[in-house]
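Each remark here refers to the structure printed beneath this line.
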């Protein structure tokens, strides 16, 4: 009897897996049955086209001002006062030999000044803030601020790549082309026509919502140009699909199971 039950369960599971590799699927069927039967639980999937990229980049600055985030490390120097400059021995969890770690509450502790909020501010804004506060103790302070380690904003690349992992976004914007070059596509096993960007979103209540999924066709004529124009956001996941798997359902099921969809995406950024 137990064997019959096991066989029955296996039969049901085999039906839920989806289409076999190589089976063709029409455009509308890409989203049918891939996840929950509830319409609101199905992720959106958009093909990355020149028109989509142009629309997304209308307000994008190719050299945006970097905003400091939690866990970034700041290097601060007060010229003429080595005691107020980074570079000495780290004595607590807030500072390092090469800088100050931005704490989870978005602050750093700086001598004389105390705790100051730096998360969400540009390097120049932090320099001006420190200059104003140190004027109470130092005549005409000359201060320089820089990020010595970028930690707060990162993207992830998984799938058929030689170097899967997490890569930091610096003051230079990162594109699909950048992260794919860093990860190194495995040309023997990868399907370059199925490269996905999974972008999670949060609601107004800071709750993880269903992700948007963008598909990049690296086999098109203008692929390289297009890849260099699609800018990634912090915590984006880039997934390079294996060759020979035609079904979009089966590709996505490798990384986005129907149960715990939001949690799965959220876990990539933590």
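Here are some notes:
- The lone exception for residue 161 - which of (1) buried (at least 18 other Cβ atoms within 10 Å of the Cβ); (2) at pLDDT below 90 it fails: (2)
- Unmet requirement for residue 226, which otherwise passes all of (1) under 28 Å from residue 69 (Cα atoms); (2) modelled with pLDDT of 90 or more: (1)
- For region 140-156, the condition holds for at least one residue, the condition being that it is closer than 22 Å to residue 47 by Cα and under 19 Å from the mean Cα position of the chain (by Cα).
- Consider region 229-270 and keep the residues that are modelled with pLDDT of 80 or more and part of a loop (DSSP other than H, G, I, E, B). The one that is farthest from residue 167 (Cα to Cα) is 243.
- Output for region 148-168, where each listed residue is in contact with a helix residue (DSSP H, G or I) (Cβ under 7 Å, 6 or more places away or on another chain) and in contact (Cβ under 8 Å) with a residue 40 or more places away in the chain: 155, 156, 157, 161
- Qualifying residue in region 175-186 (condition: at pLDDT 90 or above, within 30 Å of residue 128 (Cα to Cα) and either in contact with a strand residue (DSSP E or B) (Cβ under 7 Å, 6 or more places away or on another chain) or outside any helix (DSSP H, G or I) (or both)): no
- Sole exception among (1) without any contact (Cβ under 8 Å) to a residue 40 or more places away in the chain; (2) assigned by TED's automatic domain parsing to the domain that holds residue 52 for residue 179, by number: (1)
- Per the listing 109, 137, the residue uniquely free of Cβ contacts under 8 Å to residues at least 24 places away in the same chain and within 13 Å of residue 84 (Cβ to Cβ) is 109.
The values are calculated or read from the model by the stated rules, or taken from the named source; none is laboratory data. These figures come from a predicted structure and were not determined experimentally. In this analysis, Cβ positions are derived from the backbone assuming ideal geometry, glycine residues included, and neighbour counts consider all displayed protein chains.
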